[in-house]
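I have placed the structure first, in the form of structure tokens, so that the comments after it can refer back to it.
Read-outs: derived from the displayed coordinates by stated rules, not from any lab. In this text the structure is predicted, and so the values were computed from the model without any measurement. Counting neighbours? That spans all protein chains shown, and the Cβs are built from the backbone with ideal geometry, glycine included.
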Amino acid sequence: MKRTAQAHWKGDGKTGTGSLTTQSGVLKEQPYSFNTRFVSEDGKAGTNPEELLGAAHAGCFSMQLSFMITEAGFKVDDIKTEASVDVQNKGSGFEITEIVLNLRAKIPGITKDKFEEISKKAKEGCPLSKALAATKITLVSELMNA
């Protein structure tokens, strides 16, 4: 299985503009630029590669966790994962320094220890975590069964 996406860019890095399109059509000529990537802190001006990476990582991890929780004999009621991708200017250029996966889940009947054990394995086993192994990935989890 292969998935594809395309980037189209015109102009220089600072004032140029680009668009992103995915095979599924979910993104179709979605605009991005230097400003949407590095200036617009609220994210309202458009998308950027790091935001898309965060969405992909959160989705991959959530699905991996769901499979693993089910395999362990529990029912998944709700999994919500927010990925926070930290991009820093390191002098020689920008670098993704850390991804924090903030997880909140409702899994009836599971103990906190078992939940944390499976969550950690899901973080390590998700294909995007493996692909991003050079980046520090932190998992912050909260079981919402109370």
Item to check | 3J(HN,Hα) from dihedral phi, the stretch 89-102, Karplus parametrisation 6.51/-1.76/1.60, rounded to Hz, x for glycine, proline | outcome: 7, 9, x, 8, x, 7, 8, 7, 8, 6, 10, 10, 9, 9
Checklist entry - If one takes the longest principal axis of the Cα atoms in the chain, at what angle in degrees, from 0 to 90 and to the nearest 10, does the Cα axis of helix 49-71 lie? => result 20
Checklist entry - Roughly how tilted is helix 112-125, in degrees to the nearest 10 and between 0 and 90, from the longest Cα axis of the chain? => result 40
Next on the checklist: Quick check on the chain: of the DSSP beta bridges with both residues there, what percent are antiparallel, nearest 5%?
Outcome noted: 75
Item to check | Placed amide H near Leu139: partners under 5 Å, 5+ positions off or other chain | outcome: Leu101
Checklist entry - If you take the alpha carbon radius of gyration of the stretch 80-125 and divide it by 2.2 N^0.38 Å, what ratio comes out, to two decimals? => result 1.59
Item to check | Debye log10 I(q)/I(0) at q = 0.19 Å⁻¹ for the stretch 107-146, Cα point scatterers | outcome: -0.60
Checklist entry - Using modelled backbone amide H atoms (1.01 Å from N, in-plane), which distant-in-sequence or interchain residues come within less than 5 Å of Asn48's amide H? => result none
Checklist entry - Which one, [x] 59, 24, 10; [y] 33, 17, 13; [z] 35, 24, 16, gives semi-axes √(5λ) of the Cα gyration tensor in Å as derived from the coordinates shown? => result [y]
Next on the checklist: Show me the ranking of peptides 135-145, 11-21 by mean Cβ neighbours inside 10 Å, starting with the highest.
Outcome noted: 135-145, 11-21
